[in-house]
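Some notes on the structure that comes next.
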């Protein structure tokens, strides 16, 4: 992802995505470990998460067991409405 600000990403439809990644420990293949990944991503395809998981499979020894994902729009249209901050009389 580019180095754009979180606000710029949210205005383009990105949401804060959190994934709980469970994987098998390489030295103890019957044990599971968890890793929490969080970044701004585009639902429903989540290209940033897919890119990270592709990297994981290619470069990290711990074989994936499961991935649980949750996403939240940080800014909604209702929160972006223009209003009066103060009134001069």
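What shape does the range 6-74 take by its C-alpha gyration tensor, where a ≥ b ≥ c are the square roots of the eigenvalues and a/c under 1.5 counts as rounded, a/b above b/c as prolate, and the rest as oblate? In terms of gyration-tensor shape, prolate. Going from the fewest other Cβ atoms within 10 Å to the most, the residues 51, 68 appear in the order 68, 51.
Would you order 34, 18 from fewest to most other beta-carbon atoms within 10 Å of each residue's own beta-carbon? Numbers along the way, then the final one.
Working: 34 11, 18 15.
Ascending Cβ contact count within 10 Å gives the list 34, 18.
For the pair residue 22 and residue 51, the difference between a 0.36 nm per residue extended length and the Cα-Cα distance amounts to 8.8 nm.
Just want to confirm a number: the relative contact order over the range 6-74, from Cα pairs under 8 angstrom separated by 6+ residues, in percent.
Details: 108 pairs, mean separation 30.8, N = 69.
So the answer I get is 45 percent.
Laboratory data are not the source of any read-out in this text; all were calculated from the coordinates shown. Keep in mind that this is a model prediction, so the values were computed, not measured. Don't worry about glycine lacking a Cβ; one is built from the backbone with ideal geometry, like all the others, and counts go over all protein chains shown.
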